[in-house]
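The values are calculated or read from the model by the stated rules, or taken from the named source; none is laboratory data. Just so it is clear, the model here is predicted, and its values are computed rather than measured. Note that we place each Cβ from the backbone using ideal geometry, even for glycine, and neighbour counts take in every protein chain shown. Only protein heavy atoms, including side chains, enter the accessible area calculation; ligands, DNA and RNA are left aside. Shrake-Rupley method; radii C 1.70, N 1.55, O 1.52, S 1.80 Å.
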Amino acid sequence: MVQFLADGDVCVDIGLAQYPTSVGCQAAPRTPTASVTRRNGVKLAAMDDPINICVCVSRDHDMRTPEEQAATLERFRALDGRLRFRFVDYMDSAEMRALRGQPAHDEARNKVVPPSPELRAALADAHIILAVDLPFDMHLLAPNLRWVQSVGAGVAQLQTCGLDKLDVQLTSGAGIASAPIAEFVLARILAHW
C-alpha cells in the first residue's frame with residue numbers, strides 16, 4: 001500500500017513494515033491526466049506513464065527462491081500497474097566501495113570497470129534505482145532518474161557518482177534493522193549472563 005502523507009512524504013507498506021521513503025513528492029488527484037510533481041514544481045511523470053525501477057544489486061546476494069522473488073514482484077506490481085522492473089547485476093568490490101567513499105575518489109574512477117551495455121540501457125530509462133553501488137557519471141547515464149534507494153545504511157560510495165548533478169533524492173536503509181540488532185545484542189548478553 002502506498003500512502004501520500006500531508007507533508008509530501010510517501011509511506012510504502014510491502015507487508016513487512018511501513019517505511020517512510022521521504023521522496024518529497026506530492027500527488028495530484030488520481031485522474032489519467034494528473035501529474036506527480038516535486039515540491040519545487042518539476043514534472044516527474046503523467047499519472048499513466050510507466051515508472052521504471054532499476055534494481056542494481058548482484059543476484060548472488062538474493063537468497064530468496066525464484067518463487068519468493070516472483071511473489072515480491074507481484075506485491076509491488078499490485079501497488080501500481082505502472083511499475084516496470086529491470087534487474088541488472090552491478091556491485092563494486094569492497095575495496096572499490098571504500099575508495100569511492102573517500103573525498104579524493106580519482107583512484108577509484110581510474111580502476112572502475114565501465115558499465116555494461118545492459119546496465120547503460122537500464123539506467124537510461126530508470127526513474128528509481130535500488131542499489132548498493134552505482135557507476136560514475138550517473139548524470140550522463142540516467143537522465144530520467146529521480147530517486148536512488150541505497151540497500152544499505154551507508155551512502156558515501158553513492159555520493160561520488162554524479163547524483164549531485166541531478167535533481168535526485170538519495171535515501172538509505174539506515175535504521176531499518178535497529179530493532180532486530182538490539183534484540184540480538186540483548187539476547188547474546190543474556191546468554192552469557
> What's the FRET efficiency of D167 with F85 using the Cβ-Cβ distance as r and R₀ = 35 Å, to the nearest 0.05?
Replying inline: 0.95
> Roughly how many Å² is the accessible area per residue of region 114-173, as a whole number, for a 1.4 Å probe?
Replying inline: 41
> When N is the residue count of region 74-193, what does its C-alpha Rg come to as a fraction of 2.2 N^0.38 Å?
Replying inline: 1.28
> Please state the Cα pair-distance histogram of region 51-130 with 5 angstrom bins from zero: what percent is in each bin?
Replying inline: 3, 13, 18, 20, 19, 13, 7, 6, 1
>> Show me, for region 69-79, the HN-Hα J-couplings you get by feeding each phi into the Karplus relation (A = 6.51, B = -1.76, C = 1.60, θ = phi - 60°), rounded to Hz, glycine and proline as x.
In response: 4, 5, 5, 4, 4, 5, 4, 5, 5, 5, 4
> Using the eigenvalues of the Cα gyration tensor, what equivalent ellipsoid semi-axes result for region 85-127 when each is taken as the square root of five times the eigenvalue, whole Å, largest first?
Replying inline: 23, 10, 10
> Can you give the extra length, in nm with one decimal, that the chain gains between A177 and E74 once fully stretched, where that is 0.36 nm per residue apart less the Cα-Cα distance?
Replying inline: 34.7 nm
> Which whole-Hz ³J(HN,Hα) couplings does region 152-164 yield from phi under the Karplus relation 6.51 cos²θ - 1.76 cosθ + 1.60, θ = phi - 60°, glycine and proline marked x?
Replying inline: x, 7, x, 10, 4, 5, 8, 7, 9, 9, x, 5, 5
